[in-house]
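For reference, the structure discussed in these notes is given below.
None of the figures in this text is laboratory data; all of them are computed from the coordinates on show. Note that the coordinates shown come from a computational prediction; the quantities given were computed from them, not determined experimentally. Note that we place each Cβ from the backbone using ideal geometry, even for glycine, and neighbour counts take in every protein chain shown.
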Amino acid sequence: MNKKHNKFILLHLGGGEEAETFFAEEINQKNMERGVIIKTQLGQEIVNHFEILKNRGYFPVAIIVDQDDITNVEFCFKRHPNQPELNKLIEKKYLNQTEL
């Protein structure tokens, strides 16, 4: 059974030339525009969670939000090579890492 997943992904570009290249490609090739600004605490919440993860040896790359269960937010990350076992959080293991 193929269930349509209502998920969206937020990417963490981090700045620098790599981020600028990615952003330029999205704007130029995909007709993406920017400029809608909404006053919200969401940005601060994301930054706070990223800091918690970084302090535990995770480097957040993206956030996956499931619109069918918005109370669970999943973080895609790169792991610090010397992350202590003690710092690890509960991690869901996937058989297929690319499946949404």
> Within the set Lys7/Lys54; Lys39/Lys88; Lys54/Lys92; Lys30/Lys92, which residue pairs have Cα atoms separated by over 30 Å?
Replying inline: Lys39/Lys88; Lys30/Lys92
> Using only Cα atoms, what is the ratio of the radius of gyration of the stretch 7-87 to 2.2 N^0.38 Å?
Replying inline: 1.27
> What percent does the relative contact order of the chain come to when contacts are Cα pairs within less than 8 Å and at least six residues apart?
Replying inline: 31
> Sorted by packing (mean other beta-carbon atoms within 10 Å per residue), highest first, where do 25-33, 58-66 land?
Replying inline: 58-66, 25-33
>> Is there a quick way to get the dipole size of the stretch 54-99? I mean about its Cα centre, with the Cβ of Lys and Arg at +1 and of Asp and Glu at -1; what is the value in debye to the nearest 20?
In response: 400
> For the stretch 1-54, what is the Kirkwood hydrodynamic radius in Å, using each pair of distinct C-alpha atoms?
Replying inline: 14.2
>> Among 34-42, 6-14, 84-92, how do they line up by average Cβ neighbours within 10 Å per residue, starting with the highest?
In response: 6-14, 84-92, 34-42
> Under a plain spin-label model, where a point goes 7 Å from the Cα along Cα-to-Cβ, how far apart in nm are Glu51 and Glu17?
Replying inline: 3.1
> Which of Met32, Thr21, Cys76 sits closest to the plus end of the dipole of the chain, meaning its Cα is farthest towards the positive end, when Lys and Arg get +1 and Asp and Glu get -1 on the C-beta?
Replying inline: Cys76
